Every structure is written in structure tokens, then in C-alpha cells.
Amino acid sequence: MGLARKGSIRRRSKVEVLERPQYGWIWKPLLVLLALYLVVTLALGVWWSRTPANFDVEQAVAEQRGSGTAARGAVTVAGLRTTLATLLDKPGGYLRNDVAPPGLWLDNMPAWEHGVLRQARGLVAAMPAMANGSTEAPESAATSLRGDGRDWLYPSTEHHLRQALDELDAYLMRFEESGSAGFGDGGQGLATWLSGVAEALDGLGGRLSASVGDKERLAELGVPAASLPESTPWYRVDNVFFEARGQAWALRHLLAAVRRDQADVLEAAGLSERWDALTVELERSQRRLWSPVVLNGSGFGIFANHSLVMASHVLRARDLVRELAEELPGPGEGMGDGGEPAETQAAESGSSESGALDGGVEEGAATRSSEG
């Protein structure tokens, strides 16, 4: 009797298992897949967050237009194009508009991309003032780059970047054509571009300094705290820092390209050494960050303040840019044949021609007013 009863219970339990199966075992492979997914996205996030290596301007120009001579400005356009292409070609591509992990979780590299894009926009916007002849291509490229850097729906930011690259490619081909007009002689438009760069660096230095919430500490460091923006929230300190790194990275390469095109202008104005000093200052801002996070320490304490160190480089670079902008010819001015400002040469020419005439001083003044 007991054996029959046990057999009946056993058969009933088997039937219940078949009719109402238990699926608890399914969670085990799902947990394994989730763990693998997190490990892969973490590894990709670390890889994608690495700052791209510097590129050589000479090599970039050779790859884009080959050998041979080209009009003034070809190196600047090629350097700008390579800077923009880095945003698409680096590991992970353009991340600032990502809506899925791991790009969605990252903030340092998107901030770096924003800094690069800001400096590229500044140079593209200044190109029409530098160029001789048609400015349709740089103006179209500037229009393509004006959109929001977080656009992910069509047309996305990547689409706008590729449009700008196509416009710059077409513009670069015109520099290789015989008799094509490139950038103007005498460094026209350089002062305007550098003034915009100085303004951007000034605002960036203020935002970096604002990472220190204590105004008294800023006063001790000689920072005009009254003119600073509101204190940077702790969770955005690293974003501002990496945006500064991106701006400095892009500006370093753009300055190297411009120096190639305007070497004679800078040499004639005696600005080559200061231009090189500016490049060195920007290179120092790219030194390796050994800490896994951006620290916001104080004074001689245990922890450093990386934002203030970056601010010192940025503000020093701002001062050098302002000096260069003041020394270079402004809009409507240029460099004469001998490397001197056109106003000076016109004045000397007017004085020499009128020296043998009565009232030579008045005629020299008239010559200066008409030719300057």
C-alpha cells in the first residue's frame, strides 16, 4: 500500500513538472551574456577615450595633394581638413552624439571633440577674409559646421562633417590649379583669426579657473575672481578640462599649418620666435595625465588641481596670441615687398618723391593718406 502510494506521488510530480516547467536555468546564460556585454563596452570605452596621436602637417599635406607647388594657403586647408577628419577616423568615430553605450556613457572624449570642433569652426569662418578670389567653398564648409554637435538624426553631425570635408577637398584642388588664387599675401585675415582664438582661450581659461569654488583661493593665486563665471559643478570639471585639451590639440596643428603658409610674413614681422613659443605652450598642455581622474585639489595638498595647471597654459597661450594679433597687419593692411608694412613703405616712397619739390612735407602726407 505504501509503495503504491509513493509511486503515485512520484508520477504526479513528473506530470506537474511537464505541465508547469520551471525556467530558472535561463537566467544563467543571460547573466553571462550581460557580464560579457559590460566587459566589452568597458574595454571599448577605455579604448575610445584615448586622445588621438598628433599628426605631422608635412605628411598630411603630401597625402592630400601629393608633390608639387601650390598656392599660398594649401597647407592651412590640408591641416584643417586632417584635423576635422580625425573626429571621424579615430577609434569609435565621432562620439558626442551617441545614443547607445559605450559612447552614451562617455563624457571626456565628447568634450575633447567639442573643443576640436570649436577651433576648426573658428578657422573655417576666418578663411574668407584670408582668401583671394571666390570664397564659396570655405563659406559652404563653415555653414556645414554650424550645426549642433549632438545631432544624431539625419542629417547627423557626421553627415555635416563629411560635407565640410568635401568642400575643403574641392577648395584644395583649386589651390593646385595653375594661376589659381590662394590666400592673400601679407598675412591678410590672420590678425582677425588670432583675435577670435584669443577670445576663445580667454573664456576657456576663465571656465578652467572657475573649477575652484573658493574665491579667496583664486585671489591668492592672482586670478581675477570677480570676472569669472559661476563655479563649475564637480561633475563637469573633467568636461571643461578635456574640452581645453581638445582646443589646444587642434590649435597646435592649425598653427603649424598656418606657419608653413605664412612663414615669410612671420619672418618679416619678427614674429617667428613668438609663434614657436605659442606652439610649445600648447604642446605642454598635452602632456600625459597620469591620474585616472581629473583632480580638483588645492595648494600644496596631497591632490593636484589639474584644471588650474591647464588654465595656466591656456592663459599664457592667450597672451601670446594677443601679442601676435597686435603685431600682424589688420584688415585692409598688408606687407610690402621688403617685408615692412605697406603703410610704412608708402610713406617712405611719398617722402622721397616729394623731397625735391616745394612743400615736400605736405605732398608726403598726401601720399601716405592715399596709399595707406
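The values are calculated or read from the model by the stated rules, or taken from the named source; none is laboratory data. The shown structure was predicted, so the numbers you read here are calculated from the model rather than taken from an experiment. Because the Cβ atoms are built from the backbone with ideal geometry, glycine has one as well, and the counts that use them run over all protein chains shown. Surface areas here come from the heavy atoms of the whole protein model, side chains and all, with no ligands, DNA or RNA. Shrake-Rupley method; radii C 1.70, N 1.55, O 1.52, S 1.80 Å.
For region 56-81, filtering for residues that are at pLDDT 85 or above, among the β-branched types (Val, Ile, Thr) and over 13 Å from residue 124 (Cβ atoms) leaves 2.
Would you confirm, using the coordinates I've provided, whether residue 283 is in a helix (DSSP H, G or I) and under 18 Å from the mean Cα position of the chain (by Cα)?
In short, yes.
Quick one: would you say residue 362 is under 26 Å from residue 191 (Cβ atoms) and either at pLDDT below 85 or not in a loop (DSSP other than H, G, I, E, B) (or both)? Answer is no for this residue. Taken as a whole, the condition of being open to solvent by less than 40 Å² (accessible area, probe 1.4 Å), in a helix (DSSP H, G or I) and over 28 Å from residue 237 (Cβ atoms) applies to residue 126. Note on region 278-297: residues that are exposed (fewer than 15 other Cβ atoms within 10 Å of the Cβ) and farther than 21 Å from residue 53 by Cβ amount to 2.
Among the residues making up region 51-100, those that are among the small types (Gly, Ala, Ser) and in contact with a Phe, Trp or Tyr (Cβ under 6 Å, 6 or more places away or on another chain) are 70, 71, 73, 74, 92.
Note on region 12-55: among residues that are in a helix (DSSP H, G or I), at pLDDT 85 or above and among the aromatic types (Phe, Trp, Tyr), the one that is most open to solvent (accessible area, probe 1.4 Å) is 47. Within region 129-152, the only residue that satisfies the criterion of being open to solvent by less than 50 Å² (accessible area, probe 1.4 Å), touching a residue at least 40 places away in the same chain (Cβ under 8 Å) and part of a helix (DSSP H, G or I) is 130.
Sub-8 Å Cβ pairs linking a first residue in region 270-292 that is closer than 15 Å to residue 241 by Cα to a second residue that is among the β-branched types (Val, Ile, Thr) and open to solvent by 60 Å² or more (accessible area, probe 1.4 Å), at least 6 apart or interchain, number zero.
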